[in-house]
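These notes concern the structure reproduced below.
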Amino acid sequence: MSDMQTDIHSADHEHPHGNLGEVILETRGLTKHYGGVHALEDANFTLRKGEHVAIMGDNGAGKSTFVRQITGVEQRTRGDIYFDGQPVHFAGPLEAREAGIEAVFQTLALADDLDVADNLFLGREKTKWNWLGPFRFLDYKAMRQDTIAALEKTAVKIPNIRNTIQNMSGGQRQCVAIARTATFHSKLTIMDEPTAALGVQETAQVENIIRTLKEAGEPLILISHNMRQVMDTCDRIVVFRRGRICANIDITGGDVTGEEVVSYITGAKTQPEYDVEGLT
Amino acid sequence: MADTTQGTGGLIYDKSKRAWPNEINIFIALILIIGVFEALGQILPYMQGQSFLFDTSGRFDSIFNEARLKIVILQVAIIGIIALGSTQVIISGGIDLSAGPLVGAAAMIVMSFAQTELVNGNPNPKAVFGLWAMDLPVIVPVLVGLAFGALIGAINGSLIAYTGIPPFIATLGMFLFARGISRWWTEGQPVSFPTEGFAALGSGMMPVFWFLALAVLFHVLLRYTLYGKRTYAIGSNEDAARMSGINVKRHKVLVYMIAAMLAAFAAVVLSSKNLTAQAGMGQFYELYAIAMAVIGGVSLTGGRGSIPGTVLGAMVFGVIQSGFTYVKLDAYYQLMAMGMIIVGAVVLDKWRQQRGAKMG
């Protein structure tokens, strides 16, 4: 336990962001093989509190595999994950969520026949008369008030929160899913291509929520193919290529160009510290 | 593409602007069906202008034909109690085919604990147990019945939740198993002569009282409690419910237990009403109960439906049965018509869903 703490501190000064908070997530040697396929190889990744990191890379580069190991959707082949100072081994996504990792996946975990407030509080309903056990009563009023507050913060346009999710647009649904993470103040939010299926205005709404998270000091891992979006909302870009991390680029200075990032994605360039045999 | 193209908020929460409740459609359908029978009474030559639900001939206290109204609601009350359970199971995305045989088995067991020692001064000729089981307080057979229902429901629910077999298969197995229990219990002999206290449970209009009281109770549970919300959530998107931290397996067991306990209670009321329990009791009840729920707007794909809808569905069911008798149609036409109505209700539900999806 104490060994590990000192380990993390010793890693501190290697990181370019001395002014950011303490480490919330660290992976060391994280590896995932599907049979003979090496989907993820030896990923060392660090995320600090309040930091927004983008994960970029071509399809099949290992981005989603990486996220699936962290969120407990899959079990890693090798390596260690430290979350909030503790070594973790999530048996499933539920355990990860209980620990404070909230993931928004492309396939949204929403119940179509329930309304906005019901979906926002799904599995975490506010109740009263709790001595009634499974038959305790729902506190609809409190849930609706919180829903309105949460959605007002995100500036999402939803005609009526008592409508079922079924009849809502992709953007509205995505915003409801993201508003869930924003409402419950998770320790780490992970979004896997949240705007891939959205229009211009809906994308702007989602990016607005991402900025709200940034202002609240909540860390984020954002998987995205949208260079402008990444440049606008993130502090750092980690590039994956063929299952390995090939670049870790600080973009807070504003001097990094999209072309440079693309050259890492395509394999034209690799940062020297990540240049291992077999990558290029 | 600029950042300034942000949403402008504009969140509306309008209490008055709510979707048209499906229950109103069913109520309108109910009125229309009554109207059809009313019209048939006037048109068909052999009916001699009798009225279906109204009776003004020489009466001044009421224009309704209370006798028929009572029959309509009384004949659906007991299956209606089962339908309250079927509604919850179907909303959770499942199906329960075992309710009918469960009624038979529960009735046999319950009646064995509800017998009276002396019948007209002679020992009870149908006694199942010894004297210890005679003239027990009425609460005993009721609790025995509910416990039996809970056990059967727990088996149904556990099979479905923990082995992952389809609800159709699990409850089909229980369908046969429970019918076997009811025949094995007394090797086919009926169980009769209950205590006065037990006979009072289902006498007169008591079945209607139980049906409506339980309907109110379960409407409140489904609409206003955690249990209800999670039942809808699981039926609507089971993966989402699981990802959200809901214990889906445990909840399913609870839903099937409640449904089976309702069926067992229906057995209590039915055997009390008939003053006897027979191994063949409850035939087709599970299908009629499912039909009432489906007519009442409960979607077989799960996630949608309500108890008031099912109560109205039961009324539609009762009116059609009663109406067919009223226009002197034979029972086999009733079965055919009922079959068509059930299929029609599911087709309507499918259309409604597709229209809803297109609007989105």
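The table below lists the values:
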{"read-out": "Protein accessible area in the range B:195-352, 1.4 Å probe - carbon and sulfur %", "value": "68"}
{"read-out": "Mean projected area in nm² (Cα convex hull; one quarter of hull surface) for the range B:63-354", "value": "17.0"}
{"read-out": "Heavy-atom accessible area per residue - the protein assembly as shown, 1.4 Å, Å²", "value": "44"}
{"read-out": "Of B:Tyr227, A:Gly92, A:Ala268, farthest towards positive along the dipole that unit charges on Lys, Arg, Asp, Glu beta carbons give the protein assembly as shown", "value": "B:Tyr227"}
{"read-out": "For A:135-148, mean number of other protein chain Cβ atoms within 10 Å", "value": "3"}
{"read-out": "Base-10 log of normalised Debye intensity for chain A (one unit scatterer per alpha-carbon) at q = 0.13 Å⁻¹", "value": "-0.91"}
{"read-out": "Radius 15 Å from Cβ of B:Val103, net charge of other residues (Lys, Arg +1; Asp, Glu -1)", "value": "+1"}
{"read-out": "With DNA, RNA and ligands ignored, accessible area of A:Asp58 (1.4 Å probe; Å², nearest 10)", "value": "90"}
{"read-out": "Solvent-accessible area buried by A and B, counting both chains, probe 1.4 angstrom, square angstrom", "value": "3800"}
{"read-out": "Within the range B:63-354: Cβ-based charge dipole about Cα centre, in debye rounded to nearest 20 (Lys, Arg +1; Asp, Glu -1)", "value": "680"}
{"read-out": "Radius of gyration and maximum dimension Dmax of the range A:72-131, Cα, Å", "value": "15.2, 46"}
{"read-out": "Fully extended contour minus Cα-Cα distance, from A:Val37 to A:Lys141, at 0.36 nm per residue", "value": "32.3 nm"}
{"read-out": "Cubic angstrom per residue, convex hull over Cα atoms of the protein assembly as shown", "value": "208"}
{"read-out": "The range B:170-264 - Rg over Rh from alpha carbon coordinates, Kirkwood radius", "value": "1.10"}
{"read-out": "Integer Hz, Karplus 6.51/-1.76/1.60 couplings in order for the range B:105-122, x for Gly and Pro", "value": "5, 5, 4, 4, 5, 4, 5, 5, 9, 10, 7, 9, 6, 10, 10, 6, x, 9"}
{"read-out": "Reachable aspartates and glutamates from A:Lys141, criterion Cα separation under 19 angstrom, eight or more residues apart if same chain", "value": "A:Asp115, A:Asp118, A:Glu125, A:Glu152, B:Asp14"}
{"read-out": "Selection from B:Ala77, B:Val248, A:Gly258 lying farthest towards where the dipole of the protein assembly as shown points positive, charges on Cβ", "value": "B:Ala77"}
{"read-out": "C-alpha long axis of helix A:2-12 to longest principal axis of chain A, angle in °", "value": "70"}
{"read-out": "Residue among B:Ala345, B:Gly303, B:Leu212 farthest towards the positive dipole end of chain B, charges placed on Cβ", "value": "B:Gly303"}
{"read-out": "Ranking by accessible area, most exposed first, for A:Val104, B:Val119, B:Val128 with a 1.4 Å probe", "value": "B:Val128, B:Val119, A:Val104"}
{"read-out": "Dipole magnitude of the protein assembly as shown, debye to nearest 20 (Cβ charges: Lys/Arg +1, Asp/Glu -1, about Cα centre)", "value": "2000"}
{"read-out": "In the range B:63-354, lysine pairs closer than 28 Å at Cα, eight or more apart or cross-chain", "value": "9"}
{"read-out": "For the range A:138-280, alpha-carbon Rg relative to the globular expectation (2.2 N^0.38 Å, N residues)", "value": "1.25"}
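The values are calculated or read from the model by the stated rules, or taken from the named source; none is laboratory data. As the structure is a computational prediction, the values presented were derived from the model and not from experiment. A quick note on method: Cβ atoms are made from the backbone with ideal geometry, for glycine too, and the neighbour counts reach across all protein chains shown. Please note that ligands, DNA and RNA were not included when accessible areas were found on the heavy atoms of the full protein model with its side chains. Shrake-Rupley method; radii C 1.70, N 1.55, O 1.52, S 1.80 Å.
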